[in-house]
Every structure is written in structure tokens, then in C-alpha cells.
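Data block below; observations after.
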Amino acid sequence: MSTLNFLVRRIIYSVFVLLGLSIVIFVIARIMPGDPARMAVGARAPQWVVDRIREQMHLNEPLPVQYGYWLRDALRGDFGLSLVTQRPVTSDIREFFPASLELVLFSGFLSAVGGIGLGVLSARYKDTWIDNIVRLFSYAGVVTPSYIFAILFVLLLGWALKWFPIIGRLSEEVTAPPVVTGLITLDALLAGQFGTFLDALRHIVLPALSLAMGAIAQEARITRSSMADNLSKDYIASARALGIPERIVMGRFLLKPSLIPTVSILGLDIAATFSVAFLVELIFNWPGLARYGMQSMMHKDLNAISAVILILGAIFVTVNIVVDIIVAWLDPRIRLSAARSA
Amino acid sequence: MTVPPLVEIKNLHVHFSVYGGQLKVLDGVNFVMRSGEKVGLVGETGCGKTTTMKAILRVLPMPPARIPQGEIYFKGRDILKMSEGELAQIRGRGISMIFQDPTAALNPVFSIGEQLEAVIRYSSDQKKPLSPQEVHQRAIASLQEVALADPERLLRSYPIQLSGGMRQRVCIGMALATGPELLIADEPGTSLDVTIQDQILRLLRKLVEEKNTSIILITHTLGIVREMTDRVYVMYAGNMVEVAATKELFASPQHPYTRGLMDAVPRLTGGGVSDGIPGRIPNYLNPPPGCRFHPRCPQAIEICRREKPPTYKLSEAHEVACFLYADNGKGTQSS
Amino acid sequence: MAEQAAIRHELAANLTVQQIKQLERRSRRESLGRAWYKFSRNPLSIVGVATVALVVLLAIFAPWVTPYPKHAGAFTDFAHAKIPPSLEHPFGTDQIGRDVLTRIIFGLRSSLLMGVVVLALVVPPGVLLGLLAGYYQGTWIDTVIMRVTDIFLSVPPLILALAVASVLKPNLWNGMMAVSLMWWPWYTRLVYGLGVALRNEYFVSAAEVTGASTAHIIFREILPNTISPILTKMSLDVAWVIIIGSMLSFVGLGVQPPEPSLGTMVADGSRYLPDQWWIAVFPALAIVVVVLGFNLLGDGVRDMFAAEEI
Amino acid sequence: MFSKRLIVLATLLTLASLLATQCAPGPAPAPAPTQAPPAAEVPATKAPEATPPPAPVAKRVFRATFSPPLRADPAVGNDYVASSTLPNLYDTLVFPNAQGGVDPWLAESWDVSSDGLTYTFHLRKGVKFHDGTELKASDVVYSFDRLKTIGEGYAYLVTPGVEGVTALDDYTVEFKVTQASALFLPSLVRLYVANEDLVRQNTKAEGPYGENGDYGKEWLQTHDAGSGPYKIKEFPLEQYVLMEKFPDWWGKFNPNAPDEARFIITTEAVTVRSLLENKELEITDQWQSLEAYQAFEKIPGVKVIALPTLSSFYYMINTKKPPTDDVHCRKAMAYAFDYDTALTLEWPGTQQMIAPVSAILAGVDKTLPHYTRDLDKAKEELAQCKYAAELDKYPVEVHWVAQVPDEEKYALLFQANMAEIGIKVEVVKVPWLSMVENTSKLETAPHIATIYVSSDLPEAGLMMRQRYHSSTTGTWQQNEWLQDPEMDKAIDDALATLDQEERFAKYSAIQAKLIDLAPSVWIYDQLEKHGIRECVDFPAARGETSVVMGYYFFLPDIGVTCQ
């Protein structure tokens, strides 16, 4: 009961944070030079069209009232027209978001598996050559920007070795599965098209890996050090002393507490990936939200910029809540104390 | 053919590697006990008691710890040379241990049930694995044994939900659930308030006597030693400085350190600030040469500064490592 | 609470402020000595320091150490364009005949400048706000500061920085402004957390009891004790800022040509991949090396302040 | 335990994807059009020319890369990729021919009133939209109104000066213009005729256009409503548009015309090159670096073609800002620039501009003198410039467009050249949108903006108006700020002259005046380069296609015989 209470309070607070963010965005968007009405319909639209849209956008009202209308529209999913695509921003986002989501989820999956896997390996074989290789890799991963990885992968795995395709989400001779979620891999599975699924998977590997490299490295480092910390804890000595076999001690009694910091950081990394993704999406011609956001920034497409930032903020906040829930699930200390204090 | 002792430690050294160098925590520990014995181990905090016991079970964190020298025999077999598989046979069913701090010894992210049942499952005969129901029944029985009410609910609880006393009982229950031949109890109840500590010790004593388990009891509290043990080892800074039957030790302590301990009765708190012995446990990075106790010893003589004292046998069961007794007894130099 | 208060008074009664301060100062000096010892024990930290020192020196003395200082500015020599690495041009020349090595070394300047300026802009206000919020915890000051901080923290800094940079005129300074605008909340939160804990420490209470001014408590008592985490974060953040700066210039929102910038060099050079690989690869490597240096340094700083492990 | 399971899963996935790699379908398109069998079943055919697969009737596919973004709404798109796509989806009243004129198309014939103010078009009968309905005169009217109201795309070219459009009957449509103009008829190649009913069905009621709601803008972004030779099959935004042949088209297809065309929206160098090498691309975009084209030439079965364009590279000199407000300073620059070196930075065959507008435009007088590098003359002119004594006080800012990295080379060359005669030049990289913004106001307009400008139609007078008429000051098409009333009058007058010979003579006079004013440094006429597979029959490479932007990619004329 009280865990629920904690959750509700957390969500309400997040909503307030997002409201604050919306004010910041609205102010930035409105103090920029240029007539939003003119921007919405293009430079050469007749004046009567501009006047009508000005009326529709309530641009003749005082700023706080404008904000009210803007927020109301935003809540209804209406962010106005995009300058670049000349469509409602919402349609654009509906179109581009699934591609980003698929990429980020896949990259998150790679970070989790790769990062935790390497971290465990490194901790298990601490101070051996395996550990050293993993640590070296971690440093390389942490210090190399994702776009450099992207260029490297395109050149090496795509162009030179031809292992993976480097453009788009599906090969041209493969027909896209019926859209259910917008995530092509998932849709293909839902439609039972295993070949399409594999093709989509092959396309997503390189961009996702470019994005994941940094997170994998980060996760591996954190997992390693938290496992190393916990390894000298008494409860591990106790589990061993009471005859629990080594593999159970390592794989269960050591791993679970050690994953808590990893999971927290992983969540933040995944949320941040949405924004770092733009260069990778650019390089792999991946039709995602980040690239869309970048493009709207280059074109000063304020409606689109506002929407993208708000959505990224919402994702960030949501992911944080989800991470809190997962961590609470992993760690009864947090769960129980939160319940008690709530 | 004599029956080998239950546990025998010969000249055990344990070092910890830290940034500054090597902490020479154990410096040639010797220890022996027979099956069925109840042995006490006393000494100030930080003198190496816990390290010695963890070494027996090979649960020291390595690295940073390492054992450059020494042998540890359990029923005649050297634990330090055992494979993981052989070691698994010893741990739990052979020797089990109650850790000093029950809060630290319980995994915070697993329920009591998950931890206790794992202990029971893996300490049972692996060729005839117990069914989950049996494991559960035994877990409940173990909790009941340590006088905990509502064991069903308890099994679902997490350590954070229990009081200190309950955690301590759970730890004891867990350590005894394996049916060990030897129980190592590291300062049970120290972190609890006196009345609860008393209850815990009574409980422990009762259980040990019922099951006729051998026990090594580590403690600060000399009163408990007097009540519960047959024989006592006194440890200082990584060495066993004196051993004797409990009654004899209390009647006539010989080593200056033991005497100091007796003066500091009833309690020796951490840090060693006691009336009897001024000063502190030495720095293990650069321990004093010769007898490690000499900087604090009121009776230190010249040789103490240079040489490490051998063990002198005062009587059949009474040995002391101090040059003051060089003339009284036949010194058996320990390497 | 009452118990704590009693202890505070007792302490304050027994020790004079001077004594407390002396104790503190001595312990701080000792811990600095030990910190350096710990730092220098890790060879990787030394590598980090060496790299950073080398990079800084190269950047400062770029006009004197580079083989073709002229190539840093507007310069064309189409006859010598796209020469692969050779003795004369160790990293080759780019599409308009400029020495890549020279431009990398000059490019370090803007990268470092970005790191330094952003931190200089970000740390003081971020820390100050954190201190204020921490000191006045529970009051409206705390509420206002921390709520605003939370709002800024609710969006990944990169995306807001990009948004701001894109509406401003694209150049190095605006890029730095944009990144700075989004970075301060991290320091505010860090210092706030520390400040809340320190607020109840004995020396703060002691100073309070003896009637020290608020400013004195904030700057002389609380601030010095937050320095080590701040330093650790700063040294790791330099690396981050450099990466973000390179991303900004990769998309053309940062340093403007002909002034060399590593991100721009990678972006422009990637058009000549794979045949003229050196134009993009060496600047990319340079970014990696610089960032690695600061990371190693940052890890060293963290180890330095970390508790001794046994 | 938990992690071990994950690792196993990951390993399986990796293996699976690697397996898929091994068995990936080769470049030869699978015979089945849709629901291709799982990739793993298709045998590897990495080198089809070595071992031709026994594919029965291969689908003819034409794949090209383009620079983003593609806006396929006929009232919105007007850049290169849109101009290449739209003629394939939509028919127009008239069609541009290789001679610079227009041919009948949807309009089988037309009558012009003697005052040149009324045009009556007689439409072809039986033209089918892609949904099978017939194209009527009312659709032409609707398309025009829609273009005019939305005001984007090619509206600026088509709608000004048109007073009204009426459908006289189902097959006759009348245009009334306010002033006779030689440009009206050719401009109709940009009036794409859309299916009124279909657009109305897909119009959202809410939108800025009153009763027309959003005017079908959202739907048309990813769908077509045309009658053209190709129709949209798939259009994932920002990725590609896949078009398939419309068999009921009224016109004639090349027998080898592609069954499907895929316009891929990317210009990433490595991607494009790798697609071309893997035979997954028939023709590249025109935005690759010189080095990339050199590399394309080395790929077997690939050649590089350089096609004329209506576009030229200008250094637009601000004539209102010191020191470039003095004509002598401008002339000094024109004489000092090293045109020959500049040309070496471009694809072989590129020519220096010999007139103020591209030499391939109809009506350009190629006999007039043009500027060449002559440092003595440059110094002579500079000496007469009133700022000659204090040139250091007036550094000249050159703004080049960030999105076109090759412009930097010229800017740096210009800088070096000007240094030789003592003019200090500062080179500034500016993103395209900032360039647009800066050139819109005199206060922010740079001394020199380096911009490629393309003429909308192959007519010299139109380009003169685009570049030097007062009506375009304050747009990126004119950073010169010439604002010369006489010039305006001369251009307007020439354009209103319907007689070609007379008109061309007037162009020549304007040209001479412009050369004397030296408002720009005329660098070169742009060629567009494409890497193209030799198995593609590309009529444009033989000069058989109109140079109007986009018509090189008119698919019915293109032949594909690639295996």
C-alpha cells in the first residue's frame, strides 16, 4: 500500500518538474525572434492564412494566456505544424519515435548484457589478463564519443568486411511487417516473419552498438567495482562459510546486490541515449526522433524543438521512475524504508 | 595411531596487501583443539581473532589477503591445500561460523527464507537433494530452534525488517542448520544490549550442549569465557600469547597481556583503552620487532625488543609465549 | 535532535574556535599529503597527469611546437593537399593542403578552452546555489533552488545545449554558453547533498554557537569540506565537456573555421573516408587521447579522496 | 545465474545475426515482390556478374541517393530531390524539352490571346489518376488554388501574375495573367496536377486554410494523388521513397524503364560508396566530394557523369557596404581571383562563368568579354577605389555555406588571392539558415556571400531577374543589394517581350551593364556529378533531357539493364 503511495508521490512530483520544463521551453520558444504564425505556415503563405493561424494559435493574447493554450494543446498532443516537414509535429513524432525507441531499447539491451556480462567476467577473473582486457576496453569505451564508434563501425564492419548493412532499418527486398508497435523487430515477430526479424536485427546491430559502447564500458566498470566491493562483505564470507557453493554465491548472492548501482546508472544512460543518438542516427540514416530533433534545431523549427525536448524530458523522468521501481524491487532496503517513510 | 585433532593450525601467517605495503596481521599462529572441546579465544579488537577464524574456513577476501606461510588441518587434512570441491564438503557440515556482526553477515537484498533455505539445501547430501518442502520445513525448524516466533512470516522478511537480536538468532539458526561438527562463534551478541546478549549466549550454550557441537567462541567478555569454555587461547597482535584450561587461566594468568586483560574486566571495549594495558594494538604495517607486545608491556626486558618469544610450557595444558618464563619452563621454540 | 544539540554545545564549550580550526587545518593538510600519496601509487593516474600536462603544454605552445603554424589559420596549398602521413607531415595533410598534426595541436586549444571556460562558468554559480540551498535547507530558498535544479536535470544536458546553441549564433563562445547553461545544476545537486550532511557536523555547529556569520559558515566551514568531491567531478567533467564540444562542432554549432577544432576535423574529414583516412582518423584519436587523459586524471583524483580500503 | 542466462541469450542472438549475414540475399532482387522468403533461404549471390543467377525475369530497379529532406507534397517541395520526384508522380500541363522550350503534355494544345493575357489549354482525354478516376480541368484549377494558398514549393514561380484559372469544361482550362510574360508558359512545368477528390478525402478538417482545413498537407506528405508514370508504394519519411510503375499511364515508357525506383534519402559518403560497390545503387547523388567521385570511377561497372545544370557559383558582392560599394574595388576582386586554380578544384570539364548568368541559359550573349585573372589590372582598379589607402580598415567578410564543405576551398583561395593585392579577407562558415537570415537585412548582409544559385527555367532573363532585380533583394538569391531602378526596368521590359529575338537582344544589353557594374565575382557554371552504373541508360548523359532541375530523373525515359 505505502509503496504505491511512494510511487504516486514520485509521479506527481515528476509532473510538476515537467510543468516547469514546459515553462522554460515556452519562454525560450517565444522570446526567439520571428513570428510563430508565419513560421507555422511558411514564408510565402498569403497574409490571410497567417492571420488565421495567429488567431488559432492565440498569439494576440498576453503571454501567460498563450502559455495556457499552448499547454492545453500540448497535453492534447498538439504541438502545431513543423516548419521542416509541414506536418503536425505530433504526426512526425509518431513516425520517428518508434525508430528511436527501437534503437535505444536495443542499445539498452546491449549495454545491460554486455556491460553486466563484462563486469562480472572482470570481477570473477579479477587481476588476470581477462580483467585487464575488459578494463582496457572499458576505458576505450568511456572515452570514445559514440559518433567515432559509428564511423569506425561503418568503415570496418559495414564497408570493409560487409558483415552488417549500414543504412536504414530493413533491406530493400524485405517488406516491412504490418505496423503494430512501430518497432520493426517486434512487429516482424508479431507477424511471425522470422526472416524479416533477422533482417531488421542485422540493421540495428551497428547503430545500437555504436550507441551502447559507452554504456557497456560504463556498466562494466560499475559492475566490476561494485562486485569487488561486495566480495569482501561479510555476507559473502558467511554464505561461503555456510557451505553454499561458489557458483551460487557468485551468481546469486553477490550478483544481485552488485547490480543495484549498475541498474541505476543503466537507466540514466538509456534515457540519455535518446539525445546522444542524433549523430548516430545521422550516420546510419536511421529515421529517429533524435535526428528529427537535430534537424528541427538546424532549421529553428520551434514547434518541433519544443515537442522533442518535452518528450525527451518526459522519457527521462519516466525512466527515472522506472529505475526507482526496479531498484526498489532489487533492493528491499529502499523498498521497505520508502514504504515506512511514506 | 592417534586420532588427529579436530583443528590444528601451525605457524599461520596472513598478510594484507594495501597501498602502503603489507599488513602482517597474523604472525605465526598456532592453535589446536580436539573434537568435543569448547575453546575460547580472547583478545582486543583487531588482534587477529576473526582473521584466524576466517582463514580456517578460507573465506578471507583474497586479495587483498594472502597466506604466505602456514598450515591448517581439519581432522588431519590441510584445508589450505584442498580443492574447491573438498572445501565444499568441509564448509557448512564440517565447520560453520557465526559472524561478528549479524547485520553485515545477512545479505540485505535477499529474504531470510532465501538465505536460510539456500544454506539448508546445499549443506544437505547433494546426492539425495531435499525437496523444497523439506527444505522449507527444516528452515522453519531452525528458526524455532533459536526461539523465534512466527517463522513463516520471518522467512518472508528481509534483514532490515528484523531487530538486532532477531538477526543474531537468525545467524545462529543458520549456522546450526547445517549440523556442523565445529561451530565458530565470533563475538555473538556483542552489538546487542547486555540483556539480549545474555539471552543469546544462553541460547547458544544450550544448543551447543544439546547437540554436543565443538565450538570456538571468540569474545571480549571474560565472564562468558569462564562460563562456557573448557580452554582459552589469548591472542595479541597476530600471535597466541597464552593458552590454558579456563579455570587455570582465570586463577593464575601468566602473560603480562593476559594479566592486563583480567584487570580490565568486566569489559574490553574496542580500541583497547583499558585500565590494565596502556597503549594500543600496534600498526601492522611496521609491527614492533621482537615481541609485538613489548612497547606496552610493563615488564618488558631487553630481549623482548630483539627476539620473538617462543612458547614455554608451564604445565600440561598451560603454555605462554613470554621471555619472563624462559627459566620456568622448557621453551619450545616456535618457528 | 536534542541530544545532538547538547553535544554541540558541549563541544563548543570545551574547545575554542581556534582550536577546532587548527585541528581541522592540520587534518586537512595531512589528508592532502596522504591523498597525493594514494594518487601517485596508481600508475594510470600518473599517465593521466602526464597526458593532460602534455596536452596543455602543446596547446599553450602550439605556435612554437607545431611544424606549420601557418596552417592553423586560413591557408591553402592545393598542390600539397591530401598527402598521406610522411616524415614531413606525420599525420598527412587535409583536403586543402594543411598539416593535420598542426591543426590537431591548435585544435587542442579550443577543446581545452571549452573545458576550462565551461567549468569556470558553471562551478561557481552551481556550487554557490548548492551551498545556499543546503544551508537554508527546508526554507523557501532551498525549495526554489532545488526545484529549478530538478527542472534542468529532467532533460539530458546535451539536448538542451544543442537547442540553445542552435538558436544562438554558432560559434565557440555561444557553444560554451549553451553547455554552461545546462551544466550548473549537476554541481548544485552535488553540493546540496554534501551541504545537507555537513550542516549538522560539529564544526559547523561550533561556529554557529560562537556567533560566526552566515557567510563565514558557508564559505569557511562548509565549502572547504565539499572541495574534494567537487574537484573529482570537475576533473571528470572536463572530459565530458570536451566530448560535448566536439559533438557541437561536429554538427557545426561550435568553433568556426578556419580555426581548427577536433570535432569539425572529424566531421569534415569523414567525407574523405576511407581513402584519405588520416584526415579524420588522427583528430578522432586526438579526442580519444585527450578525453582518456582527463578520465585517468579524474579517476586518480577520485581514488585520492576515497576511503582507504583494507 | 541470471546473468549467465542473458549471456547465453546474447550469444544466440549474435550467432543468429551472423548466420543471417552469411546468407544475406545478394544484390539481385528476389523474384517475389512481397513477402520475400526468410532471408536465410535465399542463397548467397554476392557476385552476380561472375555467376549470373538463373533469375527468370529480374525486376528492373533504379536506386538513387538524394540529399534530405524529401517533401513530396506538390505544393511544398521545390528542392532537388522534390523536383526529381514530383514529375514522376504528377503530370503537368506542359513538359520541358531538351531544347529549352516546352512540349504539350496534359495539355494537347493551347491558344494564346493576341494580347498575351489569356491562355486556353485543351486537355488530353482519358488520363487516369493512380486511383483510376479521370483527370479533369477542375483538378487543374484545384491544384493551382491549392498551390497559391499554401504558397510554398514552386508557388513563387507559378502563381504571381496569374489573375484567375477557370475550368471552361471538363477538358478545357483557362488561365488569365495580368501581364504578358515569356515566362508564364514554361513556369507551368511546376504546376503538378493533383486529384482533387482524393486530396479532399484525405483532408483534415482542422488546419490553417479555412474551409480547406489542412489542405491535405499531412496526407500528401507520404502519399501521392497524381496521374504520373510512377506512384508511391512505400514512403518511410527520411529513409526513402519507393515508387512503382503506373501501368495505366497515358505516356510512353522506355522498354527498359524501371519497374521500381527507390530514392534513398542520404548522402553519407561511406554509405553511398558502399551501396554503389555492392551494386545496391544505380546512381549516386551529386553532393559527394571530388575525391569520392574519383573513387567511384575506380569501381568496376561504374562511371562518373558530369551533367550541365542551371546553377552557377557566385561570389555575391554587397554593393552597399564599404569597401565593396566602390565599383573599382569590386572590379579589382574580379581581376584578382584565380579562376584557373578554382577550376582545378572542380570536376574536369567545369567551365568558368563567361556571363552574369549560366552560359547554357537561352538568351545568353556569349560574345561579351568576361573577367580573367590579371593582377596588373586588378591593382590598377584598386588604385582607383576610394578605399585604396585604408584597406586594412575595411576587412572583407566572406560567408560560405557550412552544408557545402567544398565552398571552403574557394573561400580560402579567394582569401589568398585578395591578399596578393592587399585586400584583407575574413572567411566565415555559416549554416545555411543563418545565411538566409543574414542576407535578408542590409545590416547583417556580409560583404560577400558565396552561393550556388540555380535558375528555375532555362531562360537568361529569369535568372537575371532572380539575381539582380530589386524584387529579390533581401533574399539569399541576391546579396548584391543592387537596387538599380534602371536595371529593374530593363529586366521587366525584356521579360514582357514575347518575341524571342527581340527579347534576347535586350538580355544582351542587360548583360553588358552587369559586367560593367561587377556586382559579383562569377566563378563557374556548375556541373552535377553522379556516379552511375554502366548498365543504366541515362538519357541526360546524352544531353537528351531538359536541364530544368529534376528532369534528369524522369524515370519513364531511363533504361535499366542491370543484372
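The values are calculated or read from the model by the stated rules, or taken from the named source; none is laboratory data. Quantities reported herein were computed from a predicted structural model and do not represent experimental measurements. Backbone-built Cβ (ideal geometry, glycine too); neighbour counts: all protein chains shown. Keep in mind that these areas ignore ligands, DNA and RNA; they rest on the heavy atoms of the full protein, side chains included. Shrake-Rupley method; radii C 1.70, N 1.55, O 1.52, S 1.80 Å.
Quick notes
- Hits among lysines - C-alpha to C-alpha of D:K377 under 17 Å, sequence gap 8 or more where chains match: D:K331, D:K386
- In summary, no helical segment of chain B meets the span-like criteria, namely a full DSSP H run, a Cα extent along the axis of 20 angstrom or more and a mean Kyte-Doolittle hydropathy of at least 0.5.
- Anisotropy class of the stretch D:433-497 from Cα gyration tensor, a/c 1.5 cut: oblate
- Buried area at the D-A interface (accessible, heavy atoms, 1.4 Å probe, summed, Å²): 5100
- Residue-averaged 222 nm ellipticity for chain D, from DSSP H runs of 4+ at -39500 (n - 2.57), nearest 500: -9000 deg cm²/dmol
- GNM top mover of A:A237, A:A328, A:A212 - chain A, alpha-carbon springs below 10 Å: A:A237
- Shielding by partners for peptide D:155-164, expressed as the average number of C-beta atoms from other protein chains within 10 Å of each residue's C-beta, is 1.
- Heavy-atom SASA rank of A:L59, A:L75, A:L259 (probe 1.4 Å, accessible area, largest first): A:L75, A:L59, A:L259
- Counting only other chain Cβ atoms within 10 Å of each residue's Cβ, the peptide A:160-168 averages 6.
- Relative to the dominant Cα principal axis of chain D, helix D:137-150 is inclined by about 60°.
- With all protein chains kept in place, the per residue accessible area of the stretch B:1-108 amounts to 37 square angstrom at a probe of 1.4 angstrom.
- Partner lysines for B:K206 [C-alpha distance under 27 Å; skip if fewer than 8 residues away on the same chain]: B:K38, B:K49, B:K54, B:K75, B:K247
- Heavy-atom accessible surface of the stretch C:45-309: percent carbon and sulfur, 1.4 Å: 69
- Sum of -39500 (n - 2.57) over DSSP H runs of 4+, divided by residues of chain A (222 nm, nearest 500): -23500 deg cm²/dmol
- Separation of alpha-carbon centers, the stretch B:213-252 and the stretch C:226-304, rounded to whole Å: 64
- Most fluctuating residue given options B:D186, B:D27, B:D198, as computed from a GNM of chain B linking Cα atoms under 10 Å: B:D198
- Shape category assigned to the stretch D:339-458 from the gyration tensor of Cα positions, a/c cut at 1.5: oblate
- Ranked by how many other beta carbons lie within 10 Å on average, peptides D:551-561, D:106-116, A:226-236 from highest: D:551-561, A:226-236, D:106-116
- Residue by residue along D:216-229, Cβ atoms of other protein chains within 10 Å of the local Cβ number 2 on average.
- Cα-based helix-to-principal-axis angle, D:80-89 vs chain D, degrees rounded to 10: 50
- Gyration tensor (alpha-carbon) shape descriptor, chain D, a/c threshold 1.5: oblate
- Chain D: angle of helix D:2-22 to the longest principal axis, Cα-based, in degrees nearest 10: 80
- Cysteine residues of chain B whose C-beta has no other cysteine C-beta under 4.7 angstrom: B:C47, B:C171, B:C297, B:C322.
- Taking every full run of DSSP H in chain A, the ones that stretch at least 20 Å from end to end by Cα along their long axis and average 0.0 or higher on the Kyte-Doolittle scale are A:2-31, A:89-110, A:129-143, A:194-231, A:255-283, A:302-330.
- Selected from A:R224, A:R54, A:R252 as most flexible by GNM, with chain A as the system and alpha-carbon contacts under 10 Å: A:R252
- At the residue level, B:R93 shows approximately 80 square angstrom of accessible surface with a 1.4 angstrom probe and all protein chains present.
- Share, in percent, of DSSP beta bridges within chain B that are antiparallel, nearest 5: 65
- Helix-derived mean residue ellipticity, 222 nm - over chain B, DSSP H n ≥ 4, -39500 (n - 2.57), to 500: -9500 deg cm²/dmol
- Anchor D:K489: lysines whose Cα lies under 18 Å away (excluding residues fewer than 8 positions away in-chain): D:K506, D:K513
- Here the stretch A:53-111 and the stretch D:102-162 have alpha carbon centers that stand 36 Å from each other.
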